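Below is one structure, written out as structure tokens, with a few remarks after it.
The values are calculated or read from the model by the stated rules, or taken from the named source; none is laboratory data. Values in this document were obtained by computation on a predicted structure and should not be read as measured data. Positions of Cβ are generated from backbone atoms using ideal geometry, with glycine treated the same way; all protein chains shown enter the neighbour counts. The area values use the complete protein model at the heavy-atom level, side chains included, leaving out ligands, DNA and RNA. Shrake-Rupley method; radii C 1.70, N 1.55, O 1.52, S 1.80 Å.
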Protein chains: 2
Amino acid sequence: MWMEIDLQSEVPIYTQLVDQLIEGIASEQLKPGDPLPSVRSLAADLGINLHTVNKAYQILKQDGFLQVHRKQGVVVQPGGMPGVDAAFRAKLARGLRTLAAEAAVRGMSEAEFAAQSAAVYRQLTTKGEETK
Amino acid sequence: MWMEIDLQSEVPIYTQLVDQLIEGIASEQLKPGDPLPSVRSLAADLGINLHTVNKAYQILKQDGFLQVHRKQGVVVQPGGMPGVDAAFRAKLARGLRTLAAEAAVRGMSEAEFAAQSAAVYRQLTTKGEETK
DNA sequence: ACGTCTGTTATACTTATAATATAACAGATA
DNA sequence: TATCTGTTATATTATAAGTATAACAGACGT
């Protein structure tokens, strides 16, 4: 598997899994309908517990990014990803506010901050492409 | 005091304090040299423990946003705020990546994401102004 | 000098979360 | 029948968050 976990990080393992899977979908390394490794095999690959993987899958399933077929295991949501709802707008605004505040205090301009945001977005969504 | 704490939130109280104080500096509600309430009085005002406030102050002192004079208590850093160093760039990139990934998956465009970033920054830095 | 405020440190306790360790169950597959 | 899947349950350990007291040294005003 292409995932990497930092056991020394202060951010919980299941959160790292959730973030990396969402980034995988954003970069189209994971496409709608793609199968994901079973909770047991992924846990074994990463050297962590089954339940830690399961917790990440549950969160992504709850948010509508994954589906479970009881047949071929877990699959990336095939029928359209969830859109930009009020809950996400609030989550986004809260996260951006914290980052923007420290950026402003440290002397980073609004233009720089917006440019950095765009740069990160672009780098993320063009990760799986080789030819230009 | 103008601070508000959500005891039901999943984000730690001391983190809420750190974030709000940085936002206060960014919005110029807190200016360099301004005195901050003592750990005991602020804890009493918010109905929380002395050590929780102290932990927030320690973090901000460590990062160079606050100063302690052993005289008039804690004060907003008077001699210039810390700039944009490598550590902050890494922290910013990591935070933006998580937000940008989910935004992209949910169908928000790069332009929208950048615009939202700029909007949050602007709203934050123009909070203490009334006349235009 | 005295009392009071300041930040700071130390200790102990409770609570909640993260993570692990087993175990078992029901459905699907070969 | 085996073996895989997700799911659920229970128990345990480890760590972080928050609280509760207590004490100390420096600075201040009286």
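Summed over segment B:122-132, the residues that are open to solvent by 20 Å² or more (accessible area, probe 1.4 Å) and facing chain A (nearest Cβ under 8 Å) give a count of 2. For A:L92, the conditions (1) at the interface with another protein chain (Cβ under 7 Å from one of its Cβ atoms); (2) more than 30 Å from B:T125 (Cβ to Cβ) all hold with the exception of (2). Of all residues in segment B:60-79, those that are touching a Phe, Trp or Tyr at 6+ places or on another chain (Cβ under 7 Å) and among the polar types (S, T, N, Q) total 1. For segment A:55-77, which residues satisfy the criterion of being in a loop (DSSP other than H, G, I, E, B) and either basic (K, R) or surrounded by 11 or more Cβ atoms within 10 Å (Cβ to Cβ) (or both)? Answer for segment A:55-77, where residues must be in a loop (DSSP other than H, G, I, E, B) and either basic (K, R) or surrounded by 11 or more Cβ atoms within 10 Å (Cβ to Cβ) (or both): A:D63, A:G64, A:F65, A:R70, A:K71, A:G73, A:Q77. Do you know which residues across segment B:102-117 are open to solvent by less than 20 Å² (accessible area, probe 1.4 Å) and either more than 7 Å from chain A (Cβ to nearest Cβ) or closer than 13 Å to A:G95 by Cα (or both)? Passing the criteria: B:E102, B:A103, B:F113, B:S117. Summed over segment B:56-74, the residues that are more than 8 Å from DNA strand C (Cβ to nearest atom) and either under 14 Å from the mean Cα position of the chain (by Cα) or under 20 Å from A:G107 (Cβ atoms) (or both) give a count of 9.
All of (1) in contact (Cβ under 8 Å) with a residue 40 or more places away in the chain; (2) touching a Lys or Arg at 6+ places or on another chain (Cβ under 8 Å); (3) more than 16 Å from A:A114 (Cα to Cα) hold for B:V68 with one exception: (1). Per the listing A:L30, A:L36, the residue uniquely under 18 Å from A:Y121 (Cβ atoms), surrounded by 15 or more Cβ atoms within 10 Å (Cβ to Cβ), in contact with a strand residue (DSSP E or B) (Cβ under 6 Å, 6 or more places away or on another chain) and of a type outside the set (D, E, K, R) is A:L30. Considering only segment B:13-31, I want to know if a residue exists there that is touching a residue at least 60 places away in the same chain (Cβ under 8 Å) and hydroxyl-bearing (S, T, Y). Yes: segment B:13-31 contains one or more residues that are touching a residue at least 60 places away in the same chain (Cβ under 8 Å) and hydroxyl-bearing (S, T, Y).
Take segment B:15-56 and flag every residue that is more than 14 Å from chain A (Cβ to nearest Cβ), more than 13 Å from DNA strand D (Cβ to nearest atom) and touching a Leu at 6+ places or on another chain (Cβ under 9 Å). Of everything in segment B:15-56, just one residue is more than 14 Å from chain A (Cβ to nearest Cβ), more than 13 Å from DNA strand D (Cβ to nearest atom) and touching a Leu at 6+ places or on another chain (Cβ under 9 Å), namely B:L36. For segment A:46-55, the criterion of being in contact with a Pro (Cβ under 8 Å, 6 or more places away or on another chain) and charged (D, E, K, R) is met by none of the residues. With respect to being touching an Asp or Glu at 6+ places or on another chain (Cβ under 8 Å), assigned to a helix (DSSP H, G or I) and either among the hydroxyl-bearing types (S, T, Y) or open to solvent by 60 Å² or more (accessible area, probe 1.4 Å) (or both), B:T98 fits the description.
Against the condition surrounded by 14 or more Cβ atoms within 10 Å (Cβ to Cβ), in a helix (DSSP H, G or I) and touching a residue at least 12 places away in the same chain (Cβ under 8 Å), how does A:L92 come out, does it pass? For A:L92, the condition - surrounded by 14 or more Cβ atoms within 10 Å (Cβ to Cβ), in a helix (DSSP H, G or I) and touching a residue at least 12 places away in the same chain (Cβ under 8 Å) - is not met.
Just one of the numbered conditions (1) at pLDDT 95 or above; (2) away from DNA strand D (no atom under 13 Å from the Cβ); (3) surrounded by 12 or more Cβ atoms within 10 Å (Cβ to Cβ) is not true of A:P12: (2). The residue that is nearest to B:P32 (Cα to Cα), counting only those in segment B:95-125 that are of a type in the set (V, I, T) and free of Cβ contacts under 8 Å to residues at least 60 places away in the same chain, is B:V120.
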